[in-house]
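The values are calculated or read from the model by the stated rules, or taken from the named source; none is laboratory data. Quantities reported herein were computed from a predicted structural model and do not represent experimental measurements. Note that we place each Cβ from the backbone using ideal geometry, even for glycine, and neighbour counts take in every protein chain shown.
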Amino acid sequence: MATLQVKNLDPKVHAALVARARREGRTLSDLVTAMLKRELSRPALGEWIGSIRRGPHLDHDLDTAAVLDADRGPWPDAAGR
């Protein structure tokens with residue numbers, strides 16, 4: 001197993017991590033390891049934005065009103081019939 005040392009950590013951040021670890025009944029090392037794993041399981045912001053830009057695009061030629069009208073059926077006339 002590797003060891004990670006964090007230098008110049010704000011004492012308030014350290015205290016918050018220790019408090020959370022205590023609340024969750026785990027060691028500080030286990031808590032931080034889980035937090036790092038969770039963070040690394042998600043794409044970085046730039047990767048996420050890139051995937052959206054590369055992904056399927058919306059059909060801008062779609063007539064949304066026509067789709068809704070077809071789904072809802074005919075509108076009642078002004079007399080409420």
Q: Hey, could you check the range 20-41 for residues that are surrounded by 12 or more Cβ atoms within 10 Å (Cβ to Cβ) and more than 19 Å from Thr3 (Cβ to Cβ) and say which is farthest from the chain's Cα centre (by Cα)?
A: Arg22
Q: Could you please tell me which pairs satisfy a Cβ distance under 8 Å, a separation of 6+ or placement on different chains, a first residue in the range 1-24 that is more than 15 Å from Leu36 (Cβ to Cβ) and charged (D, E, K, R), and a second residue that is in a helix (DSSP H, G or I) and modelled with pLDDT of 95 or more?
A: Glu24/Leu31
